[in-house]
Amino acid sequence: MDQFVSVATPILAARAAMSTDDPEPQIAARALLGLWHVQANSLRKHLDGARAPAQVHDLVTSDVRRAARLLDTGLCSFAAQPR
């Protein structure tokens, strides 16, 4: 995951006209990549053999969207944030 963060951080920093050393792009990269953990945990939770694939898809998508909405609350102002 650290390698993914090290790739995502400069991309996010460039989009926000910041340095990769600034804390905002670093935490934004970790937060966004953390959605993969949410997806993996949700798959483990819902892949119990009792649900149809479409149901699993809907439940996992819902979990990831819930987590993403929470991130969006804090990250939506990321690019416009004064330092």
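Points worth noting:
- Tallying residues that are charged (D, E, K, R), closer than 20 Å to Phe4 by Cβ and within 19 Å of the chain's Cα centre (by Cα) within region 18-66 yields 3.
- In the set (1) open to solvent by less than 40 Å² (accessible area, probe 1.4 Å); (2) at pLDDT below 95; (3) of a type in the set (S, T, N, Q), the condition left unmet by Gln81 is number (1).
- The residues of region 36-63 that are in contact (Cβ under 8 Å) with a residue 12 or more places away in the chain and of a type in the set (Gly, Ala, Ser) amount to a single one, Ser42.
- Residues located in region 1-22, provided they are part of a helix (DSSP H, G or I), of a type outside the set (Ser, Thr, Tyr) and more than 18 Å from Thr73 (Cβ to Cβ): Asp2, Gln3, Phe4, Val5, Val7, Ala8, Pro10, Ile11, Ala13, Ala14, Arg15
- Filtering region 1-17 to residues that are among the small types (Gly, Ala, Ser) and either within 14 Å of the chain's Cα centre (by Cα) or open to solvent by 30 Å² or more (accessible area, probe 1.4 Å) (or both) leaves Ser6, Ala8, Ala14, Ala17.
- When the test is whether a residue is closer than 24 Å to Asp2 by Cα, over 14 Å from the mean Cα position of the chain (by Cα) and surrounded by fewer than 13 Cβ atoms within 10 Å (Cβ to Cβ), Arg69 does not pass it.
- Residues that are open to solvent by 80 Å² or more (accessible area, probe 1.4 Å), within 30 Å of His57 (Cα to Cα) and not hydrophobic (A, V, I, L, M, F, W, C) within region 18-37 comprise Arg30, His37, listed in sequence order.
- Enumeration of residues in region 38-60 that are open to solvent by 40 Å² or more (accessible area, probe 1.4 Å), part of a helix (DSSP H, G or I) and either modelled with pLDDT under 95 or among the polar types (S, T, N, Q) (or both): Gln39, Asn41, Gln55
The values are calculated or read from the model by the stated rules, or taken from the named source; none is laboratory data. Model, not experiment: these values are computed from the prediction. In this analysis, Cβ positions are derived from the backbone assuming ideal geometry, glycine residues included, and neighbour counts consider all displayed protein chains. Heavy atoms of the whole protein, side chains included, go into the accessibility calculation; ligands, DNA and RNA do not. Shrake-Rupley method; radii C 1.70, N 1.55, O 1.52, S 1.80 Å.
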